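Down below is the structure, laid out as structure tokens.
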Amino acid sequence: MTTHAPTRPTDATAEVSTDDGIAATIAPERSGWIPGTNRIAFGGDYNPEQWDRSVWLEDIALMKDAGVSLVSVGIFSWALLEPREGEYDFSFLDEVMDLLHDAGVSVDLGTPTAAPPAWFWKAHPEARPVTRDGLTLWHGSRGMASPSSSAYRTAATRIADALAAHYAGHPALVLWHVHNEYGAPVSECYSDASSGAFRRWLQSRYSTLDALNAAWGTAFWGQRYGEWDEIDAPRTSASVVNPAHRLDFARYTSNALLECFIAERDAIKRHTPHLPVTTNFMSSNCPSIDYWRWSREVDIVANDYYLVAERADNHVLLALDADLTRSFAGGRPWILMEHSTGAVNWQPRNIAKRPGELARNSLVSVARGADAVLFFQFRASRSGAEKFHSAMLPHGGTATRIWREVEALGVTLGGITDVMGGTVPARVAILWDIESFWAQDLEWRPSVDLGHRERVVAFYTELWRRDVAVDFAHPHDDLSAYDVVLAPASYLLDVASAANLRGFVEGGGRLVASYFSGIVDEHDSVPDGPYPGGLREVLGLRIDEFLPLHAGERPTLDDGSTGSVWSDDVVLDGAQAVATFRDGPAAGRAGVTRNAYGKGSAWYVSTALDADALGGLLERVLEEAGVPSRPAHAVAGLERVERRTADTVFVFLANHGDADVTVDDVSGVDAMTGEAVSGLVVPGAGVRVVRTPIAS
Ligand code: GAL
């Protein structure tokens with residue numbers, strides 16, 4: 001089996017691109033894992049400022065009972081820690097940190113910069129973000145400072161610096177948690193100050209207005225700019241704003257937020273260069289951040305994941321998110337920084353997790369590379385916006401099912417310490433490029449039914465159903481460690497990406513591209529010649545016209561499959577038709593094609609094939625590439641994931657259905673009972689972990 005050695009530049013020596021306005025940032029000294037950790041870290045956000053000291057003592061005793069080893073504190077404590085500008089009072093946090101340390105619980109210390117205090121907003125009303133429609137967002141909640149506000153950056157860096165200076169030698173402190181979920185709940189700010197910062201970013205990206213005018217295609221609709229100060233943030237206009245302008249603003253925003261992170265990180269590193277610094281990502285769910293870029297700047301990748309309660313496939317989305325997070329981490333272990341023990345409180349219907357689900361979600365995350373499992377939050381709030389959110393310790397206290405499951409999970413995680421550092425070898429990669437997603441999601445695309453996320457999930461689900469391990473990759477990455485690369489929604493592909501994919505296939509790889517891939521370059525412009533631009537040669541075809549389908553239209557293909565959403569007028573130019581439309585607007589044209597190219601092959605899927613047909617096609621490609629897969633199981637079936645250390649394969653078996661499932665082809669030692677097994681039953685809603693030694 002080929003193992004994937006990450007080749008993305010994620011190290012201290014990483015080459016930092018020069019076109020993003022942060023070229024001069026210092027290369028971080030990457031720390032390894034959380035220091036002093038000798039088991040899978042277990043715990044959650046802890047917000048003790050909500051209670052008095054007697055509750056802290058009870059909490060800490062309960063943490064010990066449950067095996068909690070790491071808590072995130074201080075994330076929203078700015079107003080307490082700096083009650084007036086420049087005046088600090090660390091007394092409550094000092095006491096909490098000391099008590100935690102005495103109990104052997106380590107601290108992931110938050111910088112509280114997602115919730116500036118009321119005095120800050122009074123002094124700096126200009127730091128409030130302005131929406132695209134011109135609405136100013138007021139304080140009274142959290143997460144709402146404009147990333148381009150210099151007053152905010154100064155205040156945030158100052159409190160981070162003060163905290164780091166104060167706690168530099170504290171024995172409980174093992175990890176820094178900068179801010180909270182950058183990009184949520186708002187990321188873009190369209191204030192005048194943001195327009196100015198955006199202009200400066202554009203000047204460093206394009207140097208001249210001629211270059212910008214050419215890149216944005218401003219000749220169309222008379223949008224040519226003659227002076228830099230004529231350019232604003234792309235506010236709501238009468239009709240569609242130039243998409244290249246919007247795309248650059250999305251890039252600018254991700255970078256502006258990253259500058260905020262870097263400023264805090266560097267302030268912290270001056271005091272505690274030996275401690276890792278992270279921030280909590282929302283890997284597949286943050287619409288505004290380029291996490292490939294951000295991953296180079298954190299010491300350890302950390303992620304928050306909340307189930308979409310009403311989706312029957314929410315455990316598949318969890319697996320996708322975990323694989324994506326591991327990929328952002330370059331294959332290294334990552335921290336599940338937040339998830340929930342039960343219901344959240346911000347979805348339309350906050351459905352409780354079923355018995356056993358808390359452990360399944362946690363262990364599947366470990367199976368997919370997490371070496372830390374934390375929840376939001378330790379004790380449920382009694383007041384405030386999140387009092388109906390589940391917690392490790394619910395309002396009902398220790399007599400609850402949730403608390404019992406939390407305690408049991410602590411024991412289970414303690415029993416699989418030796419999985420730490422293990423890898424998840426994958427021979428298949430799915431391309432993930434947020435710039436492409438940003439571009440595809442802009443207005444006036446050929447069909448409202450086009451959805452980048454929908455296509456990624458469709459492809460991923462069929463691999464998940466067949467227990468195929470998957471990494472995600474950026475289209476610029478060295479793909480040579482993979483046998484199969486899937487491009488389910490690669491609308492934007494620059495010249496380098498297209499050349500990379502051609503090289504991958506030429507060298508023997510298998511590429512599967514979906515419809516609406518390779519359509520525009522990095523400026524959202526269509527390159528010369530027919531679609532699909534840089535993919536024409538490798539796919540061996542051209543597309544003369546897009547033929548989107550009506551809502552609900554389901555043309556059939558000659559292999560019995562059906563399509564939906566999309567079809568094209570495909571003209572073969574070397575490729576062979578694998579399946580041809582029988583009816584619909586593309587009747588008689590190829591719907592699925594295969595092109596032998598170099599030592600490999602490139603496949604094109606011009607429609608949203610029904611799930612079984614898409615799965616069947618992927619099986620065929622995997623077989624051609626020699627990548628093993630299992631017979632497809634139901635979405636509510638048994639998930640099987642393997643994580644490897646030097647001497648052991650850990651087989652994680654998570655049963656998402658209600659009925660018991662017998663697994664015949666696994667043998668080793670049951671990690672929870674210590675008993676030798678040769679075949680086993682995974683109870684309905686249950687999870688088992690089997691250690692299988694690797695023969696030396
Ligand atoms: C996260 C956030 C936490 C908490 C949680 C509730 O997005 O970081 O502070 O609000 O959601 O689900």
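Residues being among the polar types (S, T, N, Q) and in a helix (DSSP H, G or I): count how many of those fall in the stretch 474-505. Steps first, answer last, please.
Of all residues in the stretch 474-505, those among the polar types (S, T, N, Q) come to 480, 490, 497, 500.
Now drop any that are not in a helix (DSSP H, G or I), which leaves 497, 500.
Total meeting the criteria: 2.
Is it true that Glu357 is of a type outside the set (Lys, Arg), within 16 Å of the ligand (Cβ to nearest atom) and at pLDDT below 95?
Details: of a type outside the set (Lys, Arg): yes; within 16 Å of the ligand (Cβ to nearest atom): yes; at pLDDT below 95: no.
For Glu357, the condition - of a type outside the set (Lys, Arg), within 16 Å of the ligand (Cβ to nearest atom) and at pLDDT below 95 - is not met.
Can you spot a residue in the stretch 519-528 that is in contact with a Lys or Arg (Cβ under 8 Å, 6 or more places away or on another chain) and in the same structural domain as Lys599 (by the TED database)?
Of all residues in the stretch 519-528, those in contact with a Lys or Arg (Cβ under 8 Å, 6 or more places away or on another chain) come to none.
So far as the stretch 519-528 goes, no, none of its residues is in contact with a Lys or Arg (Cβ under 8 Å, 6 or more places away or on another chain) and in the same structural domain as Lys599 (by the TED database).
Can we say Ala625 is of a type in the set (Gly, Ala, Ser), modelled with pLDDT of 95 or more and more than 21 Å from Ala319 (Cα to Cα)?
On the way: of a type in the set (Gly, Ala, Ser): yes; modelled with pLDDT of 95 or more: yes; more than 21 Å from Ala319 (Cα to Cα): yes.
For Ala625, the condition - of a type in the set (Gly, Ala, Ser), modelled with pLDDT of 95 or more and more than 21 Å from Ala319 (Cα to Cα) - is met.
Out of all the residues in the stretch 360-380, which are of a type outside the set (A, V, I, L, M, F, W, C) and either away from the ligand (no atom under 15 Å from the Cβ) or open to solvent by less than 30 Å² (accessible area, probe 1.4 Å) (or both)? Explain how you work it out, then say what you get.
So in the stretch 360-380, the residues of a type outside the set (A, V, I, L, M, F, W, C) come out as 360-362, 365, 368-369, 371, 377, 379.
Across the stretch 360-380, the qualifying residues are Arg360, Asn361, Ser362, Ser365, Arg368, Gly369, Asp371, Gln377.
For the stretch 227-259, enumerate the residues that are open to solvent by less than 40 Å² (accessible area, probe 1.4 Å) and among the hydrophobic types (A, V, I, L, M, F, W, C).
Passing the criteria: Ile231, Ala233, Val240, Val241, Ala244, Leu247, Phe249, Ala250, Ala256, Leu257, Leu258.
Are any residues in the stretch 302-329 open to solvent by 10 Å² or more (accessible area, probe 1.4 Å) and in a loop (DSSP other than H, G, I, E, B), and if so, which ones?
Of everything in the stretch 302-329, those that are open to solvent by 10 Å² or more (accessible area, probe 1.4 Å) and in a loop (DSSP other than H, G, I, E, B) turn out to be Tyr305, Tyr306, Leu307, Val308, Ala309, Glu310, Arg311, Ala312, Asp313.
Going residue by residue through the stretch 154-170, is there one that turns out to be in contact with a Cys (Cβ under 8 Å, 6 or more places away or on another chain) and part of a loop (DSSP other than H, G, I, E, B)? Give the steps one after another, and end with the answer.
Kept after step one, since they are in contact with a Cys (Cβ under 8 Å, 6 or more places away or on another chain), are these residues of the stretch 154-170: 156.
Now drop any that are not part of a loop (DSSP other than H, G, I, E, B), which leaves none.
The answer is no; no qualifying residue exists.
For the stretch 664-679, how many residues meet the condition of being open to solvent by less than 70 Å² (accessible area, probe 1.4 Å) and out of contact with any strand residue (DSSP E or B) (no Cβ under 6 Å at 6 or more places or on another chain)?
Residues meeting the conditions: 1.
Taking Asp612 as the residue in question, decide whether it is of a type in the set (Asp, Glu), at pLDDT 95 or above and closer than 24 Å to Thr423 by Cα. Before the answer, list the steps.
On the way: of a type in the set (Asp, Glu): yes; at pLDDT 95 or above: yes; closer than 24 Å to Thr423 by Cα: no.
The answer is no for Asp612.
Might you check whether a residue that is in a helix (DSSP H, G or I) and basic (Lys, Arg) occurs anywhere in the stretch 344-353?
Step one: list which residues in the stretch 344-353 are in a helix (DSSP H, G or I), which gives none.
No - not one qualifying residue is present in the stretch 344-353.
Scan the stretch 530-560 for residues that are open to solvent by less than 50 Å² (accessible area, probe 1.4 Å) and either among the β-branched types (Val, Ile, Thr) or at positive phi (or both) and jot them down.
Scanning the stretch 530-560 gives Gly533, Val538, Gly540, Ile543, Thr556.
Which helices (runs of 4 or more DSSP H) sit wholly inside the stretch 192-271 and have at least 2 residues that are out of contact with any strand residue (DSSP E or B) (no Cβ under 9 Å at 6 or more places or on another chain) and within 28 Å of Ala156 (Cβ to Cβ)?
Numbers: elements: 192-206, 209-216, 243-271.
The qualifying helices (runs of 4 or more DSSP H) are 192-206, 243-271.
Could you please tell me which pairs satisfy a Cβ distance under 7 Å, a separation of 6+ or placement on different chains, a first residue in the stretch 65-92 that is in the same structural domain as Val373 (by the TED database) and open to solvent by 10 Å² or more (accessible area, probe 1.4 Å), and a second residue that is within 16 Å of the ligand (Cβ to nearest atom) and of a type in the set (S, T, N, Q)?
Listed pairs, sorted by first residue: Phe76/Asn47.
How many of the residues in the stretch 278-317 are basic (Lys, Arg) and either within 10 Å of the chain's Cα centre (by Cα) or over 24 Å from Leu638 (Cβ atoms) (or both)? If you could, list the steps in order and put the result at the bottom.
We begin by selecting, within the stretch 278-317, every residue basic (Lys, Arg); these are 293, 296, 311.
Keeping just the survivors that are either within 10 Å of the chain's Cα centre (by Cα) or over 24 Å from Leu638 (Cβ atoms) (or both) gives 293, 296.
Of the residues in that region, 2 qualify.
Can you name every residue in the stretch 647-686 that is among the aliphatic types (A, V, I, L, M), without any contact (Cβ under 8 Å) to a residue 40 or more places away in the chain and within 22 Å of Ala370 (Cα to Cα)? Please lay out each step first, then the result.
Taking the stretch 647-686 as the starting set, the residues that turn out to be among the aliphatic types (A, V, I, L, M) are 649, 651, 653-654, 659, 661, 663, 666, 669, 671-672, 676-677, 680-682, 685.
Subset that is without any contact (Cβ under 8 Å) to a residue 40 or more places away in the chain: 653, 659, 661, 663, 666, 669, 676-677, 680-681.
Across the stretch 647-686, the qualifying residues are Leu653, Val669.
So which pairs qualify, if the first residue must be in the stretch 227-243 and of a type in the set (Lys, Arg), the second must be in a loop (DSSP other than H, G, I, E, B), the Cβ gap must be under 6 Å, and the two must be at least 6 apart or on different chains?
Short answer, once both residue conditions are applied: Arg235/Arg132; Arg235/Tyr190.
Test each condition in (1) touching a helix residue (DSSP H, G or I) at 6+ places or on another chain (Cβ under 8 Å); (2) surrounded by fewer than 21 Cβ atoms within 10 Å (Cβ to Cβ); (3) modelled with pLDDT of 95 or more for Glu58 and report the one that comes out false.
Of the numbered conditions (1) touching a helix residue (DSSP H, G or I) at 6+ places or on another chain (Cβ under 8 Å); (2) surrounded by fewer than 21 Cβ atoms within 10 Å (Cβ to Cβ); (3) modelled with pLDDT of 95 or more, the odd one out for Glu58 is (1).
Restricting to the stretch 394-413, give me the number of residues that are assigned to a helix (DSSP H, G or I) and either open to solvent by 40 Å² or more (accessible area, probe 1.4 Å) or within 30 Å of Ser254 (Cα to Cα) (or both). Spell out how you get there, then give the answer.
Quick first cut of the stretch 394-413, residues assigned to a helix (DSSP H, G or I) only: 397-399, 401-413.
Now narrow it down to the ones that are either open to solvent by 40 Å² or more (accessible area, probe 1.4 Å) or within 30 Å of Ser254 (Cα to Cα) (or both): 398-399, 401, 404, 407-408, 411.
Qualifying residue count, the stretch 394-413: 7.
Arg465: open to solvent by 10 Å² or more (accessible area, probe 1.4 Å), charged (D, E, K, R) and farther than 19 Å from Tyr515 by Cα, yes or no?
Details: open to solvent by 10 Å² or more (accessible area, probe 1.4 Å): yes; charged (D, E, K, R): yes; farther than 19 Å from Tyr515 by Cα: yes.
So Arg465 fits the description; yes.
Of the numbered conditions (1) within 16 Å of the ligand (Cβ to nearest atom); (2) under 14 Å from Gly44 (Cα atoms), Ser383 fails exactly one; give the number of that condition.
Status for Ser383: all satisfied but (2).
Going through the stretch 313-339 one residue at a time, which ones are closer than 21 Å to Tyr182 by Cβ, within 16 Å of the ligand (Cβ to nearest atom) and out of contact with any helix residue (DSSP H, G or I) (no Cβ under 8 Å at 6 or more places or on another chain)?
Asp321, Thr325, Ile335, Met337, Glu338
Could you go through the stretch 382-403 and let me know if any residue there is touching a His at 6+ places or on another chain (Cβ under 7 Å) and over 20 Å from Leu307 (Cα atoms). Can you show your working first?
In the first step, residues of the stretch 382-403 are kept if they are touching a His at 6+ places or on another chain (Cβ under 7 Å); the result is none.
No, there is no match, as no residue in the stretch 382-403 is touching a His at 6+ places or on another chain (Cβ under 7 Å) and over 20 Å from Leu307 (Cα atoms).
Going through Gly563, Gly588, Gly616, Gly584 one at a time, which residue ends up being over 27 Å from the mean Cα position of the chain (by Cα), over 19 Å from Val505 (Cβ atoms) and buried (at least 23 other Cβ atoms within 10 Å of the Cβ)? Steps first, please.
Working: Gly588 fails: buried (at least 23 other Cβ atoms within 10 Å of the Cβ); Gly616 fails: buried (at least 23 other Cβ atoms within 10 Å of the Cβ); Gly584 fails: buried (at least 23 other Cβ atoms within 10 Å of the Cβ).
Criteria check complete, one pass: Gly563.
Filter the stretch 175-190 down to the residues that are hydrophobic (A, V, I, L, M, F, W, C) and outside any strand (DSSP E or B), then identify the one that is farthest from the ligand (Cβ to nearest atom). Spell out how you get there, then give the answer.
Step one: of the stretch 175-190, the residues hydrophobic (A, V, I, L, M, F, W, C) are 175-176, 178, 184, 186, 189.
Among the residues that remain, those that are also outside any strand (DSSP E or B) are: 178, 184, 186, 189.
Working: Val178: 13, Ala184: 6, Val186: 13, Cys189: 20 Å.
The residue in question is Cys189.
Tell me the strands (runs of 3 or more DSSP E) entirely within the stretch 598-696 that contain at least 2 residues that are among the β-branched types (Val, Ile, Thr) and within 24 Å of Ser365 (Cβ to Cβ).
Numbers: elements: 600-605, 638-644, 648-655, 661-670, 676-682, 687-693.
Output list reads 648-655, 661-670, 676-682, 687-693.
Do we find that Glu126 is under 30 Å from Asp232 (Cβ atoms), away from the ligand (no atom under 16 Å from the Cβ) and either outside any loop (DSSP other than H, G, I, E, B) or touching a residue at least 60 places away in the same chain (Cβ under 8 Å) (or both) in this structure? Reasoning before the result, please.
Values: under 30 Å from Asp232 (Cβ atoms): yes; away from the ligand (no atom under 16 Å from the Cβ): yes; either outside any loop (DSSP other than H, G, I, E, B) or touching a residue at least 60 places away in the same chain (Cβ under 8 Å) (or both): yes.
Considered against the rule, which asks whether it is under 30 Å from Asp232 (Cβ atoms), away from the ligand (no atom under 16 Å from the Cβ) and either outside any loop (DSSP other than H, G, I, E, B) or touching a residue at least 60 places away in the same chain (Cβ under 8 Å) (or both), Glu126 comes out as yes.
The values are calculated or read from the model by the stated rules, or taken from the named source; none is laboratory data. Source: prediction; values computed, not measured. Note that each Cβ is placed from the backbone with ideal geometry, even for glycine, and that neighbours are counted across all protein chains shown. Side chains are part of the model used for accessible areas, which takes the heavy atoms of the whole protein and leaves out ligands, DNA and RNA. Shrake-Rupley method; radii C 1.70, N 1.55, O 1.52, S 1.80 Å.
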